[in-house]
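Below you'll find the structure, written out as structure tokens, and then a few comments.
Values quoted throughout were computed directly from the atomic coordinates according to the rules given, and no laboratory measurement underlies them. All values reported here derive from a predicted model rather than from experimental measurement. In this analysis, Cβ positions are derived from the backbone assuming ideal geometry, glycine residues included, and neighbour counts consider all displayed protein chains.
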Amino acid sequence: MIALIEKAVGRAAVVEEQPAQPGDVVCTFADVSSQARRDLAYAPSVPVAEGIPRFVEWYRQEENA
């Protein structure tokens, strides 16, 4: 995800990795898409790799409006 954002904004991210804190979850997975399909009849139509650059472009246009 960081690499996608870096590419979209044209800058390298400053990543500061910290040691795990007590209570940190090692791995997690949220399956919100199946719930959204079931409860809201919603299915995403834009893949993340396409949506991030589109969002960055939209944000830049709005910022300069």
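In the chain, which GluC sites (Glu not before Pro) are in a loop and have at most 11 other Cβ atoms within 10 Å, using DSSP for the loop call? Provide the component values of the computation, followed by the final result.
Details: sites: Glu6, Glu16, Glu17, Glu50, Glu57, Glu62, Glu63; in loops: Glu16, Glu17.
Those satisfying the criteria are Glu16, Glu17.
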Item to check | the chain, helix-only ellipticity at 222 nm - DSSP H runs n ≥ 4, -39,500 (n - 2.57), divided by all residues, nearest 500 | outcome: -15500 deg cm²/dmol
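Over its Cα atoms, what ratio of radius of gyration to 2.2 N^0.38 Å does the chain give? Before the final figure, lay out each step's value.
Details: Rg = 16.3 Å, N = 65, 2.2 N^0.38 = 10.7 Å.
Rg over 2.2 N^0.38 Å, computed on Cα atoms: 1.52.
Using DSSP to call loops (not H, G, I, E or B), can you name the chymotrypsin sites (Phe, Trp or Tyr not before Pro) in the stretch 16-65 whose Cβ has at most 14 other Cβ atoms within 10 angstrom?
On the way: sites: Phe29, Tyr42, Phe55, Trp58, Tyr59; in loops: Phe29, Tyr42.
Qualifying residues, ordered by number: Phe29, Tyr42.
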Checklist entry - For Gln61 and Val14, what is the calculated FRET efficiency with R₀ set at 22 Å and r taken between the beta-carbons, to the nearest 0.05? => result 0.30
